[in-house]
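Remarks on the structure that follows.
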Amino acid sequence: MADVHAALGGAGLRNVHVREYVRHWAELTGAARIEVISASDDARLIGEALAEGEILPAGEGRYYSRSYVKDTARSEERTVVATSNPADKGVYNNWRPAGQMRPLLEERMRGASAGKTMYVVPYLMAPVGSPLERYAAGVELTDCRTVALHMIRMARVGVHYIDNLADQNSFVRAVHVTGDLEKLGQGTPSDQRYFVTIADERTILHFGSSYGGNALLGKIAHGLRQAAYDGWASGEFLAEQFMLIGIADKLTGKRYHVCGGFPSASGKTNLAMMLAPDALAGRYRVDFYGDDIAWLRADPDDGKIYAINPEFGVFGVAKDTSEVTNPAALASVAPGTGTLFTNVAYNSHTQEVWWEGRTPAPPADVAGWRDWTGTLISERPAEDADAPWAHPNSRFTTALANVPNVAPDFDDPRGVPIDAIIFGGRTRDREPLIRAITDLAEGVYDGLTLGAEATFAAEGVEGLLRYDPMSMRPFMSYPEGAYAAHWLKVIGSAASQPIFAHVNWFRRDPGDGHYLWPGYRDNLRPLLWLLRLKEGQVRGRQTPVGIIPAKDELDLDGIAATPEELETILSIDTPRWKQEIKHREQHLEQFGGLPEEIWQAHRRVAAALHRAD
Ligand code: OXD
Ligand code: MN
């Protein structure tokens, strides 16, 4: 049995509430040792993990880990938001009573860390000194060393974050117990895993996975689910699965900031790390703040909406990351960055890593190459010959500071003032390249009706979106009606409000299906138009679903699109929109208590489409 007080005292951890919390869970999980972690322990922990074979070297200052084969992704079915108030049940939050979930988790976690070390990871999900700092402190307890290593990259980690709290009891209690991964029945009717946020107790209990999305509790469980709940309960802020970028105009010296949500596989990380296209790089610079989470609040001093990225690193999907799609991401995982790769392909002779899309074809010489399961490529059975080398959800984990175009003020506690909030899906026919929305309720309505097109027939009806409101479907922690009202309240309280827009980089040619817009770096162009529209420098063209750029308003210097292609991406398909409006109505009807302003926005858009005949 661990000597908790000696371990905490030795680490200089004085906060009595933290000490009591650690004692409780050390006793319950039966951990053999307690170790308090700060970022300065990284090199030692890396050394230990290498020595134990938990990670492998992947070139200079880079590391590689494999997760258990059935533990490679977030599990939405096993994720629960619990509170003591049944009124907190929403459509997506998978609500359960706290009184039921806590004993269930305690039962699974009891004795489950026997013989293991419990790492105590005090962290902060905010730049130090942020006005939202009191919602940002947490202590993750984990029985997995690689999870501690990931946390050091993804959050600000250190004892001082928890010892100096104004309210010593105000920290998120985040307990991660791995469990016996081979005996958990992942994905079967007897699945033992549970990933629970008891939001009104600010307690996170995750059992049964050591994969990042389930195990790095600062990120999704705290940074999104818990923070969204806290933001609503306090009335102070929004926590959203949003990227956050800056755009600097070197000619005028002005700096703009854009944040926004994209359902998965819609290019959010690539957009967040975008560099200006060559033709515009003399004038504009794009600064990276964050690729996954933003917390937004209205600042009473200047009446603007400010955003922070609460994270300290990037937990990015490796697949399809290349010099073309995201050169900044590749630079951020270069030798010497301390990057941890998970479930990519690994060469045990050369320590190189590779994933699908990294280069057009896999390495020609397969000597030493193993797929993400550890099987030598040269020995894979014939039926697996075409299987990917890397898992589609393989990841790289690197600190924000490693991203070459990281904003100089990414650590500014105040955050950055937001000029525009964008939503973007992957839509082949209906959505134009960009449509701007100047009305707050219509902007929120657009976010609530965000979705991704079904990618294969099996996933849904052709042309029907899988709605993913604000890209928060898996992270919603309170009811959607209240969520919409909270958005209207927070953004509505700002004297100077951001403009909204919906973007779509994925419009296809109706004939041969080719993409009509080059995407990637060129996505800066419609964003520049949006900022100009906000400043009254361009007028665009009003459509029933928003303002679309006139052709001559987009800066197309260096773009090879034909006039016909431009015509298509700068138009809306009214009959398809009319179908979509009917689906939206059904989608919104699920949500109890949706504010009347949202219904009015819906009816306005529907009526405008009707008139557009
Ligand atoms: C996610 C992630 O699962 O950001 O959305 O990792
Ligand atoms: Mn995400």
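Ignoring ligands, DNA and RNA, what percent of the 1.4 Å accessible area of the range 526-613 is carbon and sulfur?
Values: 2200 of 4550 Å².
Exposed carbon and sulfur together represent 48 percent of the surface.
Once you keep just the Cα pairs under 8 angstrom separated by 6 or more residues, what percentage relative contact order results for the chain?
14
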Net charge of Cβ neighbours under 13 Å - reference Q351; Lys, Arg +1; Asp, Glu -1: 0
In whole Å, how far is the Cα centre of the range 110-178 from that of the range 234-294? 28
Return the long-range amide H neighbours of I34 (sequence gap of 5 or more, or a different chain), with a cut-off of under 5 Å between placed amide H atoms. D3, M118
Using a 1.4 Å probe on the protein chains only, how many percent of the accessible area of the range 140-274 belongs to carbon and sulfur? 49
Three-way shape label, the range 231-386, alpha-carbon gyration tensor, a/c 1.5: prolate
Let a ≥ b ≥ c be the square roots of the eigenvalues of the Cα gyration tensor of the range 480-538; is it rounded (a/c under 1.5), or, if not, prolate (a/b larger than b/c) or oblate? oblate
Restraint check, K304/K578; K304/K534; K489/K551, Cα-Cα greater than 25 Å: K304/K578; K489/K551
Find, among the GluC sites (Glu not before Pro) in the range 456-549, those assigned to loop by DSSP (not H, G, I, E, B) with at most 12 other beta-carbon atoms within 10 angstrom. E462, E535
When a/c is below 1.5 the answer is rounded, else prolate if a/b is larger than b/c, else oblate, so apply that to the range 312-439 with a ≥ b ≥ c taken from the square roots of the Cα gyration tensor eigenvalues. oblate
Show which aspartates and glutamates lie in cross-link reach of K89 when reach means a straight Cα distance below 18 angstrom and same-chain residues fewer than eight apart are skipped. E76, E77, D200, E201, D230, D468, E480, E589
Dipole moment magnitude, nearest 20 debye, the range 54-181 about Cα centre, only Lys, Arg, Asp, Glu C-beta charged: 180
Would you please give the residues with an amide H less than 5 Å from that of W95, counting only those at least 5 places away or on a separate chain, with H modeled from the backbone geometry? V81, G90
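For the range 346-442, which whole percent of the accessible surface, found with a 1.4 angstrom probe, sits on carbon and sulfur atoms?
Looking at the range 346-442 in its full context, I get 50 percent from C and S.
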Lys, Arg +1 and Asp, Glu -1 on Cβ, resulting dipole of the chain about Cα centre, debye, nearest 20: 700
For the range 490-499, in order, what is each residue's ³J(HN,Hα) by Karplus, 6.51 cos²θ - 1.76 cosθ + 1.60 with θ = phi - 60°, in whole Hz (x at glycine and Pro)? 5, 5, x, 7, 7, 5, 10, 9, x, 7
May I ask you to give the solvent-accessible area per residue for the range 1-91, in square angstrom, as obtained with a 1.4 angstrom probe? 47
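Add -39500 (n - 2.57) for each DSSP H run of 4 or more in the chain, then divide by its residues: what number comes out at 222 nm, to the nearest 500 deg cm²/dmol? Intermediate results must be reported in sequence, preceding the final value.
Numbers: 16 runs with 152 residues, N = 613.
Rounded to the nearest 500, the figure is -7000 deg cm²/dmol.
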Can you grab the distance from the C-alpha centre of the range 183-228 to the C-alpha centre of the range 503-528, Å, no decimals? 36
Amide hydrogen neighbours beyond the local backbone of R370, cut-off 5 Å, H modeled: Y346, N347, S348, I377
Separation of alpha-carbon centers, the range 1-67 and the range 418-445, rounded to whole Å: 44
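Among 469-475, 426-432, 177-183, what's the highest-first ranking by average C-beta atoms within 10 angstrom per residue?
Ranking the peptides 469-475, 426-432, 177-183 by packing returns 469-475, 426-432, 177-183.
Given Cβ point charges of +1 (Lys, Arg) and -1 (Asp, Glu) and nothing else, what value in debye, to the nearest 20, does the dipole of the range 486-607 about its Cα centre take?
It works out to roughly 400 debye.
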Tell me the per residue accessible area of the range 284-323 using a 1.4 Å probe; a whole number in Å² is fine. 28
If you plug each phi of the range 516-526 into the Karplus form 6.51 cos²θ - 1.76 cosθ + 1.60 with θ = phi - 60°, what whole-Hz ³J(HN,Hα) values come out, in order, with x for Gly and Pro? 8, 10, x, x, 6, 4, 5, 5, 4, 4, x
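The values are calculated or read from the model by the stated rules, or taken from the named source; none is laboratory data. Remember, predicted model here, so these are calculated numbers, not experimental data. Glycine gets a Cβ as well: all are built from the backbone with ideal geometry, and neighbour counts include every protein chain shown. Note: accessible area is taken over every heavy atom of the protein model, side chains too, but ligands, DNA and RNA are not part of it. Shrake-Rupley method; radii C 1.70, N 1.55, O 1.52, S 1.80 Å.
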